[in-house]
1. So what's the back-of-envelope 222 nm ellipticity for the chain, counting only DSSP H runs of four-plus at -39500 (n - 2.57) apiece and dividing by all residues, rounded to 500?
2. Based on the Cβ-Cβ distance from Asp65 to Glu145, what FRET efficiency comes out when R0 is 35 Å, to the nearest 0.05?
3. What percent do you get for the relative contact order of the chain when only Cα pairs under 8 Å and 6+ apart count?
4. Indicate, rounded to the nearest 5 percent, the antiparallel portion of the DSSP beta bridges found entirely in the stretch 28-157.
5. How many angstrom separate the Cα center of the stretch 36-55 from the Cα center of the stretch 73-92?
6. For the stretch 142-155, in order, what is each residue's ³J(HN,Hα) by Karplus, 6.51 cos²θ - 1.76 cosθ + 1.60 with θ = phi - 60°, in whole Hz (x at glycine and Pro)?
7. For Arg10, enumerate residues with amide H under 5 Å from its amide H, sequence gap 5+ or separate chain, H modeled in the peptide plane.
8. In nm, to one decimal, how far is the Arg97 label point from the Arg114 one, both placed 7 Å along Cα→Cβ?
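Coordinate-derived values only; no laboratory data. Note that the structure is a prediction, hence the values are computed from the model and not measured. Positions of Cβ are backbone-derived with ideal geometry, glycine not excepted, and every protein chain shown enters the neighbour counts.
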Amino acid sequence: MKILVVYFSRSGHTGQVARELAARCGAELEAIREARGRDGPRGYWRCAWQALIRAAPPIAKALKDPAGYDLVIIGTPIWNFGLAPPVRSYVRQYAGRFRQVAFFCTEGGSGDQRAFAELGRLCGKAPVATFAVTEKELPEPAHREPLRRFVARLATG
Ligand SMILES: Cc1cc2nc3c(=O)[nH]c(=O)nc-3n(C[C@H](O)[C@H](O)[C@H](O)COP(=O)(O)O)c2cc1C
């Protein structure tokens, strides 16, 4: 099965999980890129504001065509109890090119179900599997077993 892991990451957590996943599944990676950075307090508040108004900011053209993959795994940080807006932009642009989808997120502690529900609506498909991990669990081996189960579900989905 050919798999693409697509993700956005501001501070590195979602990127870490994306790379772990890609290594476990033998998948390719696509980072969602923007022209404008989100560093510092101003960048933070722009994230919070865009999440609040459910914006879909401009993103760079994807390097990989998701139509060329059996499964696209989409990863987002949770912002304001939902999807990170650059991920919304990506999914709006490319949803018609997904065969099967799975979702994952990293978060402080809440918002994963709302984000997964919006991703499902935007994709027009139910995910074969979902996986949420808190930033606290990330440095510990605690997330490894749930991650392994997520990868196992992808194979049977
Ligand atoms: C603007 C902003 C809003 C956030 N809102 C939430 C939230 O509503 N719920 C939550 O659990 N975590 C929230 N977080 C924490 C992030 O989801 C968490 O740190 C995540 O792992 C960041 O992923 P990244 O390092 O890939 O950017 C927020 C972070 C930012 C920057």
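1. -12000 deg cm²/dmol
2. 0.55
3. About 22 percent, as a whole number.
4. Around 15 percent antiparallel, to the nearest 5.
5. 13
6. Values per residue, Gly and Pro as x: 3, 7, 5, 5, x, 5, 4, 5, 4, 5, 5, 5, 4, 5 Hz.
7. Residues meeting the amide H criterion: none.
8. 3.0
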